[in-house]
Amino acid sequence: MKQRFFNVLGIPIIHSNHHSFIDLLEGQIKENKKTFVVTANPEIVMRALNDKGYEGYLKKADYITADGIGIVIASKILNQPLPGRVSGTDMMLDLLEIANQKRHRVYFLGAAEFVLQLLLKNVHERYPQVEIVGSHNGFFDWNDNNIEEEIKSTEPDLIFVALGVPKQEQWIAEHLDSFQKGVFMGVGGSFDVIAGVVKRAPKTWQKLNLEWLYRLIKQPSRWRRMLVIPHFLVKVIFQKQRG
Ligand code: UDP
């Protein structure tokens, strides 16, 4: 099937809703097609504009989804409205559900050790048929670890990487060539959410597209990161004017 992409400041975002994208990933898993998914927000797009190295990592991605509501707003400004967010946490939850039904093999990379252990416990309890083939916390020596070897030898279908931006995209991009198969996805703070360490916004807030505000209230130290959003929107308006 031909995919449509929406270009925001040079970054191609897949034009898809959550369910179609999950179907697409299920197809990739079925066919053992190696796939790198980036779940993008304005911070990621702005980082790619300002950091060539990071832009290079995104170029290796097969699909970049609109995780942040800022990307969806940008699509409306540019008259190419996206159907909505395709969020990393929602995808991870649905993919775990599918993995539970199909007994897929899953590897978890990231977060603090205690968060990872809580996540593994919750996944084991809620999705008992998921085959957890391995895991590693996200605080390791970048040049001296056996994570790549472990993933190669255990051949997971799904590899969730929660190292935050930009490390998760960097890790996947730098190691991708070594693997034969697997859907690799950077999922940011999702391990903390599924571990139960960070509470997700209530459904009403999510429906009102205010998940970011809830997160900001709960973790006020994140406010600095949000300063990028007005800058992002100004750049999008310039993109619109250039036509
Ligand atoms: N993290 C990690 N290694 C690092 C830095 C961060 O494993 O070197 C983890 C962190 O503990 C958290 C996750 O990455 O579980 C996501 O962090 P953050 O909320 O900052 O994600 P972002 O908002 O950047 O996606």
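The values are calculated or read from the model by the stated rules, or taken from the named source; none is laboratory data. Given the structure is predicted, the values throughout are model-derived calculations rather than measurements. As a convention, Cβ positions derive from the backbone with ideal geometry for all residues, glycine included, and neighbour counts pool all protein chains shown.
Considering only residues that are in contact with a Phe, Trp or Tyr (Cβ under 7 Å, 6 or more places away or on another chain) and within 14 Å of the ligand (Cβ to nearest atom), which ones fall in the range 49-67?
Selection gives T65 alone.
Take the residues in the range 226-238 that are assigned to a helix (DSSP H, G or I) and surrounded by fewer than 16 Cβ atoms within 10 Å (Cβ to Cβ), then tell me which one is modelled with the lowest pLDDT.
M226
G164 is checked against (1) buried (at least 18 other Cβ atoms within 10 Å of the Cβ); (2) part of a loop (DSSP other than H, G, I, E, B) and fails just one. What number does that condition carry?
(1)
Being among the aliphatic types (A, V, I, L, M) and either over 21 Å from R225 (Cβ atoms) or more than 10 Å from the chain's Cα centre (by Cα) (or both) narrows it down to one of V86, V45, so name that one.
V45
Hey, among L216, L176, which residue is in contact with a Lys or Arg (Cβ under 8 Å, 6 or more places away or on another chain), part of a helix (DSSP H, G or I), away from the ligand (no atom under 14 Å from the Cβ) and not small (G, A, S)?
None of the other options fit; the residue is L176.
Could you say whether any residue in the range 212-219 is touching a Pro at 6+ places or on another chain (Cβ under 8 Å) and modelled with pLDDT under 95?
Yes: one or more hits.
Scan the range 140-152 and tell me whether some residue there is more than 16 Å from the ligand (Cβ to nearest atom) and either touching a Pro at 6+ places or on another chain (Cβ under 6 Å) or under 17 Å from D94 (Cβ atoms) (or both).
So far as the range 140-152 goes, no, none of its residues is more than 16 Å from the ligand (Cβ to nearest atom) and either touching a Pro at 6+ places or on another chain (Cβ under 6 Å) or under 17 Å from D94 (Cβ atoms) (or both).
Those residues that are away from the ligand (no atom under 14 Å from the Cβ), outside any strand (DSSP E or B) and either of a type outside the set (D, E) or touching a residue at least 40 places away in the same chain (Cβ under 8 Å) (or both), I need them from the range 91-119; list them, please.
L93, D94, L95, L96, I98, A99, N100, Q101, K102, R103, H104
Scan the range 211-226 and give yes if some residue there is over 23 Å from V115 (Cα atoms) and small (G, A, S), otherwise no.
no
Just a yes or no: is a residue in the range 34-44 farther than 26 Å from P156 by Cβ and among the β-branched types (V, I, T)?
Checking the range 34-44: not a single residue is farther than 26 Å from P156 by Cβ and among the β-branched types (V, I, T).
Only one residue in D90, D94, D62, D144 is at pLDDT below 95 and of a type in the set (D, E, K, R), so which one is that?
Checking each option against the conditions leaves just D144.
Mind checking which residues of the range 179-213 are away from the ligand (no atom under 11 Å from the Cβ), in contact with a helix residue (DSSP H, G or I) (Cβ under 9 Å, 6 or more places away or on another chain) and assigned to a loop (DSSP other than H, G, I, E, B)?
Scanning the range 179-213 gives F179, Q180, K181, G182, G196, K199, R200, A201, P202, N209, L210.
Hey, does the range 11-25 have a residue that's buried (at least 20 other Cβ atoms within 10 Å of the Cβ), touching a Phe, Trp or Tyr at 6+ places or on another chain (Cβ under 7 Å) and outside any loop (DSSP other than H, G, I, E, B)?
Yes, the range 11-25 contains at least one residue that is buried (at least 20 other Cβ atoms within 10 Å of the Cβ), touching a Phe, Trp or Tyr at 6+ places or on another chain (Cβ under 7 Å) and outside any loop (DSSP other than H, G, I, E, B).
Looking at P81, P128, P156, which one is over 30 Å from H15 (Cα atoms) and in a loop (DSSP other than H, G, I, E, B)?
On inspection, the qualifying residue turns out to be P128.
Of the conditions (1) within 18 Å of F160 (Cβ to Cβ); (2) crowded, with 23+ Cβ neighbours inside 10 Å, A74 fails just one. Which one is it?
Answer for A74: the failing condition is (1).
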